[in-house]
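A.B. asks: Dropping a structure here in structure tokens format, bear with me for questions.
The values are calculated or read from the model by the stated rules, or taken from the named source; none is laboratory data. Predicted, not measured: the structure shown is a model, and the values here were computed from it. Because the Cβ atoms are built from the backbone with ideal geometry, glycine has one as well, and the counts that use them run over all protein chains shown.
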Amino acid sequence: MVCLHRSDPENQGRALDDLKAAIADGTVAACVCCAESTRTAYRAAGIPAELLHVIPNGVDLFRFRPDAARRVALRTELDIPVSAPVVVFAARYDAMKNVPLLLSAARAWLGRVPDGQVLMCGAGMTEANAGLTADIAEAFGHDSALTDRLRLLGVRRDMETLYAASDVVALTSSWGEAAPLCLIEGMMCGAVPVATDVGDSAAIVDGHGIVTPPDPEAIAEAWSEAVGRREALAPSFAASRERFSRTRMIASYAARLERVHTGAATRRTSPEPF
């Protein structure tokens, strides 16, 4: 059984051909997709529909939860006022994440929200990344009054703390996403998701946040709307915790593994036809 976690098989090098070969020689008995968009993409790429099963992503709900103490601790660490609106962007520096779009939206939002803060974390989200610093210069010019409120945090091991300290979790990806964990983890910590319509993002965000076009002004407006709706959306986050539970996900994987094993055992013991 193999697991598929992207919605762009055409961008996975030789992996798609390797998968097809493994299916053809009987090595692969099932493919688990983390999103409906993944199943759709791989079916269109030629993977037999009967092998494709969807088990949505889940997260550790004990780790990812609203936490007032974590919220205060992170804001104290970064010298962010308790009442300041905060947007977090959790992604590696990669073309699919559309960092220039995120930065253009940040420029628009920070310009109209004097106490706003944008946190960028993940691989490559540091001043040492020449590509990122060039993107920032392109989006902001020399406006240090705004870039002072754009925090480059690099790789963090305490994402539950960053999400709990934030009001909005942002996603600006252009392709490749399936069921982005940042949206789920952020929501479960109380941050409102604002995402472009890529992969299953719209289904994840439905009833919990805002889907935007890939337009900086629209995204900036959505961030402000999300900040204002954060408390009102908290009950919907709480009600959806079981849906996004890692326990639910693991149980579903176990059930699928059992069905694959049972099916394989049945085929091995069935008598050969005359």
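A.B. asks: Return a yes/no flag: does region 163-175 have any residue that is without any contact (Cβ under 8 Å) to a residue 60 or more places away in the chain, outside any helix (DSSP H, G or I) and in contact with a Ser or Thr (Cβ under 8 Å, 6 or more places away or on another chain).
C.D. replies: No; the residues of region 163-175 include none that is without any contact (Cβ under 8 Å) to a residue 60 or more places away in the chain, outside any helix (DSSP H, G or I) and in contact with a Ser or Thr (Cβ under 8 Å, 6 or more places away or on another chain).
A.B. asks: Can you find even one residue in region 84-105 that is of a type in the set (A, V, I, L, M, F, W, C), surrounded by fewer than 21 Cβ atoms within 10 Å (Cβ to Cβ) and not in a helix (DSSP H, G or I)?
C.D. replies: Checked against the condition, which is being of a type in the set (A, V, I, L, M, F, W, C), surrounded by fewer than 21 Cβ atoms within 10 Å (Cβ to Cβ) and not in a helix (DSSP H, G or I), region 84-105 yields at least one hit.
A.B. asks: Among the residues of region 2-50, how many are closer than 25 Å to residue 184 by Cα, part of a loop (DSSP other than H, G, I, E, B) and in contact (Cβ under 8 Å) with a residue 60 or more places away in the chain?
C.D. replies: Of the residues in that region, 6 qualify.
A.B. asks: Can I ask one more? Looking only at region 16-33, decide whether some residue is in contact with a Ser or Thr (Cβ under 6 Å, 6 or more places away or on another chain) and either more than 29 Å from residue 117 (Cα to Cα) or not assigned by TED's automatic domain parsing to the domain that holds residue 164 (or both).
C.D. replies: There is no residue in region 16-33 that is in contact with a Ser or Thr (Cβ under 6 Å, 6 or more places away or on another chain) and either more than 29 Å from residue 117 (Cα to Cα) or not assigned by TED's automatic domain parsing to the domain that holds residue 164 (or both).
A.B. asks: Among the numbered criteria (1) among the aliphatic types (A, V, I, L, M); (2) modelled with pLDDT under 95; (3) under 15 Å from the mean Cα position of the chain (by Cα), which single criterion is violated by residue 102?
C.D. replies: Exception for residue 102: condition (2).
A.B. asks: How about region 209-223: which of its residues are crowded, with 18+ Cβ neighbours inside 10 Å and in contact with a helix residue (DSSP H, G or I) (Cβ under 8 Å, 6 or more places away or on another chain)?
C.D. replies: Passing the criteria: 209, 210, 211, 212, 216, 219, 220, 223.
A.B. asks: In region 179-199, how many residues are aliphatic (A, V, I, L, M) and assigned to a strand (DSSP E or B)?
C.D. replies: Counting residues in region 179-199 that are aliphatic (A, V, I, L, M) and assigned to a strand (DSSP E or B) gives 3.
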